[in-house]
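S.K.: Sharing a structure, written as structure tokens. Questions coming.
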Amino acid sequence: MDPTACPPRGRPRSVKADDAILSAALDLLAERKDVAGISVEAIAARAGVGKATIYRRWPGKVELFTDAVATLRSPLPELGVGSARDDLVKIVAQICDEMDSPLQQAINTLMMSDTHPEIGKRVKQQVVAPRHEAVFRAIERGIERGELRPGLEPTTVLYLLVGGALTYARNATDVAPEQCAEQLVDTVCQGIYQQNADDRIGV
């Protein structure tokens, strides 16, 4: 050990306390469906910690709720090692699987908060945007590699895939997320016209 190194100050942060606070915040959000009705005091009481413990970790509710949904969300799958289709199926399957989960419901509640719009903006930037960005980049890679046809608009394809995943979560409960993802990716990226249909439809 380097004798000149300074030892860390204070007690190490408790992972158990962190988990209790984040879980308490999401439990209260699920119960009350409104950020405005949840105080830091209520979160502390539910977590079994003092209010000061929360404020040592987060400046306020905006940061706490954002961290709660960001920390508990599954990491993105490994991308860029296979085909564009492989990447898109992986990401879209994950989105399909998450869409109707309690965590996604918490994310939706935070994003639609009228009383704390800053939470919605923060969650969109830090939690939602990375997944959309991953889909966008996978589409771009597919175009660059010649796997997807040139001229595709990545943003439009992104909207179709994410919108399809949302519809799946609300309706197709008997279809596995992976199967739904394969169907969405193949249908969207291959298109719905029959080959050489341009002459028949007057394009």
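S.K.: Which value, to two decimals, describes the C-alpha radius of gyration of region 14-70 once divided by 2.2 N^0.38 Å?
M.R.: So the Cα radius of gyration is 0.97 times the expected 2.2 N^0.38 Å.
S.K.: Give me the distance between the Cα centres of region 109-169 and region 78-95, rounded to whole Å.
M.R.: Using only Cα atoms to place each centre, the spacing works out to 14 Å.
S.K.: Please state, as a whole number in µm²/s, the translational diffusion coefficient that the Stokes-Einstein equation yields for region 28-110 at 4 °C and 1.567 mPa s, with Rh defined as the Kirkwood radius across alpha carbon pairs.
M.R.: Translational diffusion coefficient: 87 µm²/s.
S.K.: Still on this model: Around GLU63, with a cut-off of 11 angstrom between Cβ atoms, what is the net charge of the other residues, counting Lys and Arg +1 and Asp and Glu -1?
M.R.: Taking every other residue near GLU63 into account, the sum is +1.
S.K.: If you fit an axis through the alpha-carbon atoms of helix 61-72 and take the longest principal axis of the Cα set of the chain, what angle between them do you get, 0 to 90°, nearest 10?
M.R.: 60 degrees
S.K.: Turning to a different aspect of this structure: Taking each pair of different alpha-carbon atoms in region 87-188 once, compute 1/r for the pair, average those values, and report the inverse of that mean as the Kirkwood hydrodynamic radius in Å to one decimal.
M.R.: Across region 87-188, the inverse of the average 1/r is 14.3 Å.
S.K.: Return one number: the angle in degrees, 0 to 90 and rounded to the nearest 10, between the long axis of the Cα atoms of helix 154-171 and the longest principal axis of the Cα atoms of the chain.
M.R.: 70 degrees
S.K.: Give me the angle, in degrees from 0 to 90, between the Cα long axis of helix 177-190 and the longest principal axis of the Cα atoms of the chain, rounded to the nearest 10.
M.R.: 40 degrees
S.K.: Could you run the Karplus curve 6.51 cos²θ - 1.76 cosθ + 1.60 with θ = phi - 60° over region 82-89 and give me ³J(HN,Hα) per residue in whole Hz, x for Gly and Pro?
M.R.: Those phi angles translate into x, 6, 4, 4, 4, 4, 5, 5 Hz.
S.K.: Heavy-atom accessible area of SER23 with all protein chains present, probe 1.4 Å, nearest 10 Å²?
M.R.: Around 50 Å² of this residue is reachable by solvent.
S.K.: So for the chain, Kirkwood radius off the Cα pairs, Stokes-Einstein at 20 °C and 1.002 mPa s: how many µm² s⁻¹?
M.R.: 109 µm²/s
S.K.: Next question, about the same structure. Using a 1.4 Å probe and ignoring any ligands, DNA or RNA, find the accessible area of MET111 and quote it in Å² to the nearest 10.
M.R.: Ignoring ligands and nucleic acids, MET111 comes out at about 70 Å².
The values are calculated or read from the model by the stated rules, or taken from the named source; none is laboratory data. The shown structure was predicted, so the numbers you read here are calculated from the model rather than taken from an experiment. Please note: Cβ atoms are built from the backbone with ideal geometry, for glycine as well, and neighbour counts cover all protein chains shown. Note: accessible area is taken over every heavy atom of the protein model, side chains too, but ligands, DNA and RNA are not part of it. Shrake-Rupley method; radii C 1.70, N 1.55, O 1.52, S 1.80 Å.
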